[in-house]
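Written out below as structure tokens is the structure these notes cover.
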Amino acid sequence: MSRVFNFSAGPSVLPMEVLLEAQADLIDYKGCGMSVMEMSHRSQMFQDIIDTAEADLRDLMQIPDNYKVLFLQGGGTLQFSMVPLNLLSGSGKADYIVTGQWARKAYQEAKKFGDIAAAASSEDSNFTFIPKVGRDAFRPDADYVYITTNNTIYGSRFNYIPDCGDITLVADQSSNFLSEVYNVEDFGLIWAGAQKNVGPAGVTIVIVRDDLIGHAPENTPIYLDYKIHADKGSMYNTPPCFSIYMAGLTFQWIKRNGGVAGIEQHNLEQAKKLYDTIDNSKLFSCPVETEDRSRMNVVFVTGDKELDKKFVAESKAAGLLNLGGHRSVGGMRASIYNAMPDEGIDTLIAFMKKFEMENK
Ligand SMILES: *Cc1c(COP(=O)(O)O)cnc(C)c1O
């Protein structure tokens, strides 16, 4: 068996311990004679799995009792539609901060459902920074304000929580979920696709305050109404059982590693090492404003497209995989999610130094 260092933006690296645990349980889950993939979602065995996963997540994020935790399908992309469908229940207005492609997709999708404004955008500078906005940027009667806390493609991150006053704040945390401490009460709704920091693709986690549930229009397709999932404990229909099980294993792994605060500290150290290498290099540079840099997706370039290609090809040959930037951006991107081992960071840094020596 050989493992590479996988810098993929998603689906992405999972903790070795989690994979080994899943492997050990795969054929015969805890003596029940079948795998989690094969068991009824109505069985007590699976009920225990989903209940434990939810309890561990509540514990990790200190989710208050007046928030529901939902395990849904449809990926992050379905939330681009579900959020406006369910939350545009007052004025029908919502204000989006457009800080990358995912934010823009969410913004465009929401326009199908109401009066949607871009309160701020960094598109003109190719999303290399996060706009600093305060309460006056938002329409006072907006039903919600929408942000993407970490921009997976451009490698930027909100280093502040916008002050929205009484307006509900919604956050797409897909690519930095459980990677840093957030106060859930700052948000009305947080959602995240699993395949960046939590587990295999297939489950999307939604954390939503009770009062925001139950206002979808009458003709809302049943799966798209948060209420049905909240009322049925995410079991209205067959949930993505195996992905939920894997997410649960990851939650326990985070608990064993100092909780979210412990993981955050570790992520900060890893990101700092990598950004220091970039900043101290004469070859590489990071296009993102220093204070807005992501701790999860580290974007860098040489300034020469051919050299970037060479870097990606040679790093791959050295066992460092998926370092090519998003197809829309080019350059390089190292996604260093929670599960990236220190050895992966150190190997990448050594490779960058060697590459610089050879190509100056
Ligand atoms: C990956 C990603 C999405 C989209 O997720 P899908 O599950 O592919 O629909 C949305 N937002 C962010 C920030 C992402 O990183």
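The values are calculated or read from the model by the stated rules, or taken from the named source; none is laboratory data. These numbers come from a predicted model, not from an experiment. Note that each Cβ is placed from the backbone with ideal geometry, even for glycine, and that neighbours are counted across all protein chains shown. Each accessible area value is taken on the protein alone, full model and side chains, heavy atoms only, with ligands, DNA and RNA left out. Shrake-Rupley method; radii C 1.70, N 1.55, O 1.52, S 1.80 Å.
The set of residues in the stretch 85-108 that are within 15 Å of the ligand (Cβ to nearest atom), assigned to a helix (DSSP H, G or I) and touching a strand residue (DSSP E or B) at 6+ places or on another chain (Cβ under 9 Å) comprises 101, 102, 103, 104, 106, 107, 108. For the stretch 326-360, a residue qualifies if it is more than 21 Å from residue 177 (Cα to Cα), modelled with pLDDT of 95 or more and not in a helix (DSSP H, G or I), and the qualifying residues are 331, 332, 359.
Checking the structure you have, find out if any residue of the stretch 131-145 is under 18 Å from the mean Cα position of the chain (by Cα), open to solvent by less than 10 Å² (accessible area, probe 1.4 Å) and in contact (Cβ under 8 Å) with a residue 60 or more places away in the chain. Looking for residues that are under 18 Å from the mean Cα position of the chain (by Cα), open to solvent by less than 10 Å² (accessible area, probe 1.4 Å) and in contact (Cβ under 8 Å) with a residue 60 or more places away in the chain, one finds none in the stretch 131-145, hence no. Does residue 100 count as open to solvent by less than 20 Å² (accessible area, probe 1.4 Å) and closer than 25 Å to residue 140 by Cα? Judged against the criteria, residue 100 is a match.
Selection of the stretch 296-319 for residues being surrounded by fewer than 22 Cβ atoms within 10 Å (Cβ to Cβ), in a loop (DSSP other than H, G, I, E, B) and not hydroxyl-bearing (Ser, Thr, Tyr) yields 303, 304, 318, 319. For the condition surrounded by fewer than 21 Cβ atoms within 10 Å (Cβ to Cβ) and either within 14 Å of the ligand (Cβ to nearest atom) or under 13 Å from the mean Cα position of the chain (by Cα) (or both), residue 221 does not qualify.
Checked against (1) closer than 26 Å to residue 202 by Cα; (2) surrounded by fewer than 19 Cβ atoms within 10 Å (Cβ to Cβ), residue 285 passes all but a single condition, namely (1). Yes or no: residue 129 within 11 Å of the ligand (Cβ to nearest atom), of a type outside the set (A, V, I, L, M), in contact with a helix residue (DSSP H, G or I) (Cβ under 6 Å, 6 or more places away or on another chain) and at negative phi? No; evaluated as a whole, the condition is false for this residue.
Residue under question is residue 277, and the condition is that it be assigned to a helix (DSSP H, G or I), polar (S, T, N, Q), open to solvent by less than 60 Å² (accessible area, probe 1.4 Å) and closer than 30 Å to residue 38 by Cα; does it hold? Considered against the rule, which asks whether it is assigned to a helix (DSSP H, G or I), polar (S, T, N, Q), open to solvent by less than 60 Å² (accessible area, probe 1.4 Å) and closer than 30 Å to residue 38 by Cα, residue 277 comes out as no.
Among the residues of the stretch 253-286, those identified as of a type in the set (S, T, N, Q) and either out of contact with any Ser or Thr (no Cβ under 9 Å at 6 or more places or on another chain) or closer than 24 Å to residue 359 by Cα (or both) are 257, 265, 270, 277, 280, 281, 285.
Pairing residues of the stretch 30-52 that are modelled with pLDDT of 95 or more with residues that are of a type in the set (S, T, N, Q) and surrounded by fewer than 15 Cβ atoms within 10 Å (Cβ to Cβ), at Cβ distances under 8 Å and at least 6 apart in sequence or on separate chains, gives 41/238; 46/40.
In a residue-by-residue description of the stretch 45-61, the property of being under 21 Å from the mean Cα position of the chain (by Cα) and outside any helix (DSSP H, G or I) applies to no position. For the stretch 3-20, a residue qualifies if it is away from the ligand (no atom under 16 Å from the Cβ) and open to solvent by 60 Å² or more (accessible area, probe 1.4 Å), and the qualifying residues are 3, 4, 16, 17, 20.
Just one residue in the set 230, 201, 192 is within 12 Å of the ligand (Cβ to nearest atom), of a type in the set (A, V, I, L, M) and open to solvent by 10 Å² or more (accessible area, probe 1.4 Å); that residue is 201.
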